[in-house]
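Here is the structure we will look at, set down as structure tokens.
Just so it is clear, none of the values below were taken in a lab; they were calculated from the coordinates. Everything numeric here is computed off the predicted structure, so don't read it as measured data. Please note: Cβ atoms are built from the backbone with ideal geometry, for glycine as well, and neighbour counts cover all protein chains shown.
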Amino acid sequence: MDREALLQTVSDRTETDRESATDATQAVLTTLGERLSEDEAEDLAAQLPGDLSRDLVEGESGQRFPEAEFVSRIDQRMDTVDLDGEKAATTVLGTVLDAVDEGERAAVVAQFKHYGFEELLAETSADVDVQDRSPREY
């Protein structure tokens with residue numbers, strides 16, 4: 001999926017304008033890049049368009065924080081008032097998971113399950129299996 005299609009999908013799913021969708025996407029990808037391992041952030045970035053891939057790898061990856069902090073960081077990064085952090089997180093994450101190949105999707109889902117982020121995954125539009133939930137904070 002190219003940049004324009006990904007951002008349009010986020011805009012459509014959040015029912016916001018393009019600027020808000022871009023803001024939310026950048027906030028989620030930056031925060032996702034901080035939470036994923038460095039290798040996983042780089043692997044995922046390789047499947048995303050240019051500037052969006054940079055958002056994943058610019059920060060310090062492999063940070064340990066719980067799901068609530070993940071959402072809070074997104075809220076803090078967003079300039080838009082049209083969305084809250086949780087809606088942005090689930091929409092952008094679902095859109096990204098839909099856009100990448102099956103192997104990369106499985107790797108991201110496995111890391112999110114490991115982090116105890118099953119609740120967030122369950123709320124995405126992506127087709128992911130979140131059974132055997134056992135939330136943990138890493």
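Distance between the pseudo-spin-label points of ALA122 and ALA46 (7 Å out from Cα toward the beta carbon): 3.3 nm. FRET efficiency for the pair ASP75 and ASP101, taken as 1/(1 + (r/R0)^6) with r the Cβ-Cβ distance and R0 = 30 Å, rounds to 0.50.
In this simple spin-label approximation, ARG13 and GLU60 carry label points 7 Å from Cα along the Cα→Cβ vector, and these lie 3.0 nm apart. Backbone phi angles across segment 103-116, fed through the Karplus curve with coefficients 6.51, -1.76 and 1.60 (θ = phi - 60°), yield HN-Hα couplings of x, 5, 4, 4, 5, 5, 4, 4, 5, 5, 5, 4, 6, x Hz in residue order; Gly and Pro are listed as x. Just the number, please: Stokes-Einstein D of segment 3-122 in µm²/s, Kirkwood Rh from C-alpha pairs, 37 °C, 0.692 mPa s. Reported coefficient: 237 µm²/s.
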